[in-house]
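Read-outs: derived from the displayed coordinates by stated rules, not from any lab. Note that the coordinates shown come from a computational prediction; the quantities given were computed from them, not determined experimentally. With ideal geometry, Cβ positions are generated from the backbone for all residues, glycine too; neighbour counts draw on all protein chains shown.
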Ligand code: SAM
């Protein structure tokens, strides 16, 4: 099947994305584990080690954008001290509802709060966060440069933004295996577990269209970030980018 997402206008693209996550919200966490073979956990842990929230009572405020069910925020407050707080912001109320339940179960409702927000128009004042993270979210945002500028705007000077996202596999043979896996296996898992292959077809397409790591680093610089750098993981399946607001 082919779904012509490439030609979808921006407003419709967001509607399509919202529909995907509305459909999968309740099964999102289990699907994540199944489709990445649990690897998303290691990728998120790597992000948290780079971010290194401070120990002790020093206040540290994180905005976890497109934070969905709270995975990154939970990890950051666990790694940080008593002063570490996180806001999970996401455009999708269904994903946030799952996140809130998870926070309660973990006893983290004090440290982690949830906010319905569009990454392209953040409802937060300038310079309010020590760090902003977005994991597997930026490729879903219709206007990425707008979201990057918003991320920079809400950062305090000296604060850092981290973008964890699927990238381009740069290892021969692994790229072939990855192609087969993503085009055949992922939609098939989607069909069996969530009862629908289409949302996952979209997922694979959106990964394919996302820029190379160097090109994305350049987009971050153009949004005003300084000292932009990145690291590839798992042969380039995923890249972690970061940049400072000076
Ligand atoms: N960060 C979480 C994680 O790593 O498990 C969730 C990632 S999930 C693949 C992508 C998330 O992006 C969804 O929860 C979706 O609702 C959110 N999203 C899509 N477009 C958005 C936008 N314009 N603004 C904020 N969040 C958005």
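For this structure, a couple of remarks:
- Once you reduce the range 41-117 and the range 168-194 to the center of their Cα atoms, the two points are 29 Å from each other.
- The share of Cα pairs per 10 Å bin across the range 16-68, counted from zero up to the longest distance, runs 19, 38, 30, 13, 0 percent.
- Relative to the longest principal axis of the Cα atoms of the chain, helix 144-154 runs at roughly 10 degrees.
- For q = 0.10, 0.17, 0.20 Å⁻¹, Debye-computed log10 I/I(0) when each Cα of the range 1-140 counts as one equal scatterer: -0.35, -0.96, -1.28
- Springs join every pair of Cα atoms under 10 Å in this Gaussian network model of the chain, and among 71, 18, 33 the largest mean-square fluctuation is at 33.
- Taking the average, over residues, of other Cβ atoms within 10 Å as the packing measure, peptides 126-134, 45-53 rank 126-134, 45-53 from highest down.
- Helical content of the chain, expressed as a calculated mean residue ellipticity at 222 nm, amounts to -12500 deg cm²/dmol (DSSP H runs of 4 or more residues, -39,500 (n - 2.57) each, divided by residue number, nearest 500).
- Annotation for residue 191 and residue 79: the two label points, set 7 Å from Cα along the Cα-Cβ direction, are 3.8 nm apart.
- Acute angle (nearest 10 degrees) that the helix 93-105 long axis makes with the longest principal axis of the chain, alpha-carbon atoms: 60 degrees
- Packing, as the average of other Cβ atoms within 10 Å across residues, places the peptides 194-206, 74-86 in the order 74-86, 194-206, highest first.
- Degrees between helix 213-222 axis and first principal axis of the chain (Cα, 0 to 90, nearest 10): 40 degrees
- With R₀ set to 35 Å, the beta-carbon distance separating residue 128 from residue 27 gives a calculated FRET efficiency near 0.60.
- Just checking the listed ones, 122, 174, 96: in the Gaussian network model of the chain with Cα springs under 10 Å, the one fluctuating most is 174.
- Point-to-point label distance, residue 221-residue 18, nm (Cα→Cβ direction, 7 Å offset): 3.6 nm
- Computed over the chain with a Gaussian network model linking Cα atoms closer than 10 Å, the most mobile of 193, 163, 228 is 193.
- Put simply, when 175-181, 63-69, 219-225 are sorted by average Cβ atoms within 10 angstrom per residue, most first, you get 63-69, 219-225, 175-181.
- Pairwise Cα inverse-distance average, inverted: Kirkwood Rh of the chain (Å): 18.2 Å
- Each residue, residue 229 and residue 52, gets one label point 7 Å from its Cα in the Cβ direction; the gap between the two is 1.1 nm.
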